[in-house]
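J.: Just dropping this structure here.
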Amino acid sequence: MVNIRPLSVALSKKAQEELNERPERIQEDLNALRQWIAKAAHLRCRIDDQFLVAFLRGCKYSLERAKEKLDMFYTVRTMSPELIRTRDPEDPRTRAIIRLGVGLALPNTEAADSPRIILVRPAAYDPAQFTISEIIRVSTMINDLMMMEDDNFVVAGQIGILDLANVTMAHFLQFTPSFVKKMTLMSQEASPLRQKGFHYINTPHGFEVVFNMFKNFMSEKNKSRLYVHGQDLESLYRHVPKRLLPAEYGGEAGPIQDIINQTEKKFLAFREYFLEEDKYGTDEKKRPGRPKDAESLFGVEGSFRQLQVD
C-alpha cells in the first residue's frame, strides 16, 4: 500500500492532468524508482514514498528524469558541504537565521490547486553576521520540509517574491558567479520543485548586474517566468493577489512575525528528519563511469568582485 498523503480533489485533478499521475500506478512507479536506487551503488538516498513521489511528480512521472534529478539532488549536496552541514534547527546560528524570516512560505494560496507563494527578504539578515551559504542552507531546509508536507508546493509549484528593499552592496558581494551557478543548478537540475514565476520588487540600483548573472545560467523557460516590478506593488498585485500577502505588504495573511513563529515550529517538528540527512549523499568512488567533482559541476571563472557596478 502506498504510504503518501492523499491529495485534495483539486490537487489530485491537477496532478493527473498536468503531471501524468495515475493513482493506480503510483506503487509500481515507486517500486521501479526504489529498484534503481538499490542498484546505484554510489547513491545513498531516502526511499520513503512521500519523498520519492515528490520527484515523480516534479518530473511528470518520467522515471528517467526522476532518476537524474535524484542523483543530482544528492550530488550537488555532497559537493556543497557548506550547504548541508549544521542542518540542526536547534543549532544556535541556524535557529537565529530561521527567526530572521529571510525566506517564508505564505500560508494561503489563490485557489485550492494554486502554487505556494514564497517570500524572500534578503535584507532581513546582516551580511556582516551571516554568510550567504548559511542563509541558503536554511533555504534548502525550507524546501526539504515543504517537499515533504506541502502538496500545493509539490503539485502546483511555487511562485517566488524577492523583496530587495534595503539590500546593500554587502549583500550583493556575497554572490560570486560560481555560487550563482551552484544556486541555479540546485533549483533547475537538482530539485523536483516546479517554479511557476519569480517576482522582483523594490529593486535597487545595481540590481541588473546580479539579475543578469542569474539569467546567464537559466533555462529559457525559467527566464520567461521572471518579472521585475521595481517599486510598483500594484504591478505585483496583478500577478499575486494582494490579500495573500502579509500585512506589511498590504495583505491579509497576518503579520510576518506570526508566519516566522509558525515556520520555526515546523522546523523543530522536523528536527529528526534534518539530522537524518547526514546519512545521505553520493560516494563518487563508486559511481559508474567518470566521478563527478565540484569543479565540473560549479566551476566558473572570475568573481562578482571583478564585475563593474556603476
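The values are calculated or read from the model by the stated rules, or taken from the named source; none is laboratory data. Just so we're clear, the structure is a prediction, and the values are computed from it rather than from any experiment. A quick note on method: Cβ atoms are made from the backbone with ideal geometry, for glycine too, and the neighbour counts reach across all protein chains shown. Heads up: the accessible areas ignore ligands, DNA and RNA and are worked out on the full protein's heavy atoms, side chains in. Shrake-Rupley method; radii C 1.70, N 1.55, O 1.52, S 1.80 Å.
J.: I'd like the full set of residues that are assigned to a loop (DSSP other than H, G, I, E, B), under 23 Å from the mean Cα position of the chain (by Cα) and not aliphatic (A, V, I, L, M), limited to the stretch 9-45.
T.: N20, E21, C45
J.: Has the stretch 264-279 got at least one residue that is in contact with a Cys (Cβ under 9 Å, 6 or more places away or on another chain), under 30 Å from K39 (Cβ atoms) and touching a residue at least 12 places away in the same chain (Cβ under 8 Å)?
T.: Taking the stretch 264-279 and keeping what is in contact with a Cys (Cβ under 9 Å, 6 or more places away or on another chain), we get none.
Checked against the condition, which is being in contact with a Cys (Cβ under 9 Å, 6 or more places away or on another chain), under 30 Å from K39 (Cβ atoms) and touching a residue at least 12 places away in the same chain (Cβ under 8 Å), the stretch 264-279 yields no hits at all.
J.: For the stretch 265-293, what are the residues that are surrounded by 15 or more Cβ atoms within 10 Å (Cβ to Cβ) and part of a helix (DSSP H, G or I)?
T.: K266, F267, Y273, F274, E277
J.: Could you list, in sequence order, the residues of the stretch 62-92 that are touching an Asp or Glu at 6+ places or on another chain (Cβ under 6 Å) and of a type in the set (A, V, I, L, M, F, W, C)?
T.: Of the residues in the stretch 62-92, the ones touching an Asp or Glu at 6+ places or on another chain (Cβ under 6 Å) are 72, 87.
The answer is M72, and nothing else.
J.: Ok, one more. Among the candidates E68, E90, single out the residue that is of a type in the set (D, E, K, R), surrounded by fewer than 17 Cβ atoms within 10 Å (Cβ to Cβ) and over 27 Å from P6 (Cα atoms). Explain how you work it out, then say what you get.
T.: On the way: E68 fails: over 27 Å from P6 (Cα atoms).
Just a single option satisfies the conditions, and that option is E90.
J.: Under the condition of being open to solvent by 10 Å² or more (accessible area, probe 1.4 Å) and acidic (D, E), which residue from the stretch 135-165 is nearest to S12 (Cα to Cα)?
T.: Once the filter is applied, the top-ranked residue is D151.
J.: Can you tell me which residue in the stretch 248-264 is least open to solvent (accessible area, probe 1.4 Å), limited to those that are more than 18 Å from T109 (Cβ to Cβ) and acidic (D, E)?
T.: E264
J.: May I ask you to list pairs of residues, at least six apart or on different chains, whose Cβ atoms are under 6 Å apart, with the first in the stretch 280-295 being more than 23 Å from D144 (Cβ to Cβ) and the second being β-branched (V, I, T)?
T.: Hits for this filter: zero, empty list.
J.: Another one. Say we look at the stretch 26-48 and pick out the residues that are over 16 Å from E276 (Cβ atoms) and in contact (Cβ under 8 Å) with a residue 40 or more places away in the chain; which of these is surrounded by the most Cβ atoms within 10 Å (Cβ to Cβ)?
T.: H42
J.: Any residue at all in the stretch 122-134 that's closer than 21 Å to R271 by Cα and either open to solvent by less than 20 Å² (accessible area, probe 1.4 Å) or not in a helix (DSSP H, G or I) (or both)?
T.: No, the stretch 122-134 contains no residue that is closer than 21 Å to R271 by Cα and either open to solvent by less than 20 Å² (accessible area, probe 1.4 Å) or not in a helix (DSSP H, G or I) (or both).
J.: What are the residues in the stretch 205-241 that are open to solvent by 30 Å² or more (accessible area, probe 1.4 Å) and farther than 17 Å from G160 by Cβ, if any?
T.: The answer is H205, E208, V209, N212, N216, E220, Q231, D232, E234.
J.: So, one more: Identify, please: which residue in the stretch 171-186 is among the hydrophobic types (A, V, I, L, M, F, W, C) and more than 15 Å from E82 (Cα to Cα) and is, among those, surrounded by the fewest Cβ atoms within 10 Å (Cβ to Cβ)? Give the derivation first.
T.: From the stretch 171-186, those among the hydrophobic types (A, V, I, L, M, F, W, C) are 172-173, 175, 179-180, 183, 185-186; that's our starting set.
Cutting the leftovers down to more than 15 Å from E82 (Cα to Cα) gives us 172-173, 185.
Working: F172: 20, L173: 16, L185: 19.
Only one residue tops the list, namely L173.
J.: Please find, among K221, K215, the residue that is within 18 Å of the chain's Cα centre (by Cα), part of a helix (DSSP H, G or I) and under 30 Å from L52 (Cβ atoms).
T.: On the way: K215 fails: under 30 Å from L52 (Cβ atoms).
When all the criteria are applied, what remains is K221.
J.: Of the residues T75, T109, which is over 15 Å from the mean Cα position of the chain (by Cα), among the hydroxyl-bearing types (S, T, Y), over 14 Å from R34 (Cα atoms) and assigned to a helix (DSSP H, G or I)? Steps first, please.
T.: Numbers: T109 fails: assigned to a helix (DSSP H, G or I).
Result of the check over T75, T109: T75.
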